[in-house]
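Take a look at the structure below.
The values are calculated or read from the model by the stated rules, or taken from the named source; none is laboratory data. Small disclaimer: the values here were computed from a predicted structure and weren't measured. Glycine gets a Cβ as well: all are built from the backbone with ideal geometry, and neighbour counts include every protein chain shown.
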Amino acid sequence: MAESAISPKQFLSDKVRYFTESVIREMTRQAMLYGAINLSQGFPDFPAPAEIKGAAKAAIDADINQYAVTWGAQHLREAIARQMQVWQGITVDPETEITVCCGSTEAIVSTLLAICNSGDEVIVFEPFYENYAPDSIIAGAKPQFVKLRPPQSATGEWTFDERELQSAFRNHTKAIVVNTPNNPTGKVFSRRELELIRDLCVKFNVLAITDEIYEHIFYDGAQHISLASLEGMRDRTITISGLSKSYAVTGWRVGWAVAPPLITNAIRKVHDFLTVGAPAPLQEAGAVALGLPPGYYKELASRYVARRDRLIAILSNAGFHCFLPRGAYYLMTDISAFGFSDDVAFTQHLVKEIGVAAVPGSSFYRDPRDGAQQVRFAFCKKDETLDEAASRLQKLK
Ligand code: PLP
């Protein structure tokens, strides 16, 4: 075959050399290929609430089918502002402080593109949701990692070393990303931890980007606190959330960034030229979703606690060591008991031979060795799905 005239060095950007495609999304493709039960990617396999599906259909029938205002339909922005007041006591101006994006995924990358210059550093706790590192690189910044250490006891928490965090704040630090409730660990950052982060942000004049996409999914009396609600943080925090997880509509691609007007202006410029806007009829349905009564969120959390406990029992029974999550819908596990050389070999065995897809822990770390004995499972799944996984995992023994 003739040698291709398209050489990577000549034609591809330097940036794309520093990251791979998402391992999480790749595991979903493998689950489909091998007919495995998919406990890898974090999308629910149960139906979205009927009210919001009805609202989406009604919006299409009412011909809300053209571009919405680029930074978001007014109904949705007003609903977001109203709920931030109710849930976190944060007053937000929907005209100047909210940008609706194509999922929180776009909100995060638009934010980083809006605030970062080449050479800036962005602090990220690891293990981390795998988008943050590529997003920082795409924005020209360098991720600077701070370790979360696994709990030492069955009911313990993931913790970080305060001195390690402090020393990550340096001359070129532009922002810190805080994801609470956290994917993949299930950690819910405490008020004390958030206050420490606040003090460092203020001392070093650094912004905070908080990914709060799991804001309604927490357990055991854990409390979700928005960093922006802490004194001194309102003007230096970009709060990111979306419809995907709270309303089981990950395919709708509606999320948002809430930030002070100066930063919102910059995010809106990037967002406009990246995507123009999120799907218009689904934004209308999003306003209806945010208007669901408090009982909806209570039931959401209690159903998730049942799923969490079901999967913990299944995995513990199959020989995994589970780290107890306080929020979000993932279980990080330790696989040392199985004697595999690493997490990738183990998850390949799991998806091909056992018929269950999970995510190799190394994809959440800068150094793959740190996650070599960890694997993440998602439990945003129907009881039948979890039970079928349980029966397949019997073959692991
Ligand atoms: N942030 C975190 C921490 C996630 O786990 C996910 C999806 O798994 C996202 C963001 C993506 O959310 P969205 O569907 O709003 O883009």
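Take segment 240-257 and flag every residue that is within 9 Å of the ligand (Cβ to nearest atom), in contact with a strand residue (DSSP E or B) (Cβ under 8 Å, 6 or more places away or on another chain) and more than 21 Å from residue 218 (Cα to Cα).
Within segment 240-257, 254 is the sole residue that qualifies.
Looking for whichever is within 23 Å of the chain's Cα centre (by Cα), over 22 Å from residue 382 (Cβ atoms) and more than 16 Å from the ligand (Cβ to nearest atom) here; the options are 23, 100, 16. Which one fits? Give the derivation first.
Values: 23 fails: more than 16 Å from the ligand (Cβ to nearest atom); 100 fails: more than 16 Å from the ligand (Cβ to nearest atom).
Within the list 23, 100, 16, the selection yields 16.
Of (1) closer than 13 Å to residue 242 by Cβ; (2) buried (at least 21 other Cβ atoms within 10 Å of the Cβ); (3) within 11 Å of the ligand (Cβ to nearest atom), residue 105 satisfies all except one. Which?
So the condition that residue 105 fails would be (2).
Among the residues of segment 82-108, count how many are without any contact (Cβ under 8 Å) to a residue 40 or more places away in the chain and not charged (D, E, K, R). Explain how you work it out, then say what you get.
Restricting attention to segment 82-108, the residues satisfying the condition of being without any contact (Cβ under 8 Å) to a residue 40 or more places away in the chain are 85-86, 91, 94-95.
Then keep just the ones that are not charged (D, E, K, R); that gives 85-86, 91, 94.
So the answer is 4.
Looking only at segment 266-276, filter to residues that are surrounded by fewer than 19 Cβ atoms within 10 Å (Cβ to Cβ) and in contact (Cβ under 8 Å) with a residue 24 or more places away in the chain; which one of those is nearest to the ligand (Cβ to nearest atom)?
Step one: list which residues in segment 266-276 are surrounded by fewer than 19 Cβ atoms within 10 Å (Cβ to Cβ), which gives 266, 269, 272-276.
If we keep only those that are in contact (Cβ under 8 Å) with a residue 24 or more places away in the chain too, we end up with 266, 269, 272, 274-276.
Values: 266: 20, 269: 20, 272: 18, 274: 14, 275: 12, 276: 17 Å.
Of everything passing the filter in segment 266-276, 275 is nearest to the ligand (Cβ to nearest atom).
I'm trying to understand the selection: among the residues of segment 225-253, which are crowded, with 24+ Cβ neighbours inside 10 Å, in contact with a Cys (Cβ under 9 Å, 6 or more places away or on another chain) and either more than 15 Å from residue 215 (Cβ to Cβ) or without any contact (Cβ under 8 Å) to a residue 40 or more places away in the chain (or both)?
Within segment 225-253, 237 is the sole residue that qualifies.
Would you tally the residues in segment 123-142 being in contact with a helix residue (DSSP H, G or I) (Cβ under 7 Å, 6 or more places away or on another chain) and within 12 Å of the ligand (Cβ to nearest atom)?
Number of matching residues: 6.
Among 50, 36, which is surrounded by 15 or more Cβ atoms within 10 Å (Cβ to Cβ), small (Gly, Ala, Ser) and on the phi < 0 side of the Ramachandran plot?
Working: 50 fails: surrounded by 15 or more Cβ atoms within 10 Å (Cβ to Cβ).
The conditions single out 36.
For segment 53-66, enumerate the residues that are surrounded by fewer than 16 Cβ atoms within 10 Å (Cβ to Cβ) and part of a loop (DSSP other than H, G, I, E, B).
Listed by number, the residues that qualify are 62, 63, 65, 66.
Look through 74, 166 and report the one residue that is more than 16 Å from the ligand (Cβ to nearest atom), without any contact (Cβ under 8 Å) to a residue 24 or more places away in the chain and surrounded by fewer than 20 Cβ atoms within 10 Å (Cβ to Cβ).
74
With segment 95-156 as the region, which strands (runs of 3 or more DSSP E) entirely inside it contain at least 1 residues that are under 19 Å from residue 365 (Cβ atoms)? Write out each step before concluding.
Details: elements: 98-101, 121-126, 142-147.
Per the criteria, 121-126, 142-147.
For segment 24-52, which residues satisfy the criterion of being at pLDDT 85 or above, part of a helix (DSSP H, G or I) and not aromatic (Phe, Trp, Tyr)?
Of the residues in segment 24-52, the ones at pLDDT 85 or above are 26-52.
This time we only want the ones that are part of a helix (DSSP H, G or I), so: 26-34, 50-52.
The answer is 26, 27, 28, 29, 30, 31, 32, 33, 50, 51, 52.
Residues that are out of contact with any Asp or Glu (no Cβ under 6 Å at 6 or more places or on another chain) and closer than 30 Å to residue 225 by Cα, at least 3 per element: which helices (runs of 4 or more DSSP H) completely within segment 293-397 meet that? Can you show your working first?
Numbers: elements: 294-318, 343-349, 383-393.
Of the helices (runs of 4 or more DSSP H) lying wholly inside segment 293-397, those with at least 3 residues that are out of contact with any Asp or Glu (no Cβ under 6 Å at 6 or more places or on another chain) and closer than 30 Å to residue 225 by Cα span 294-318.
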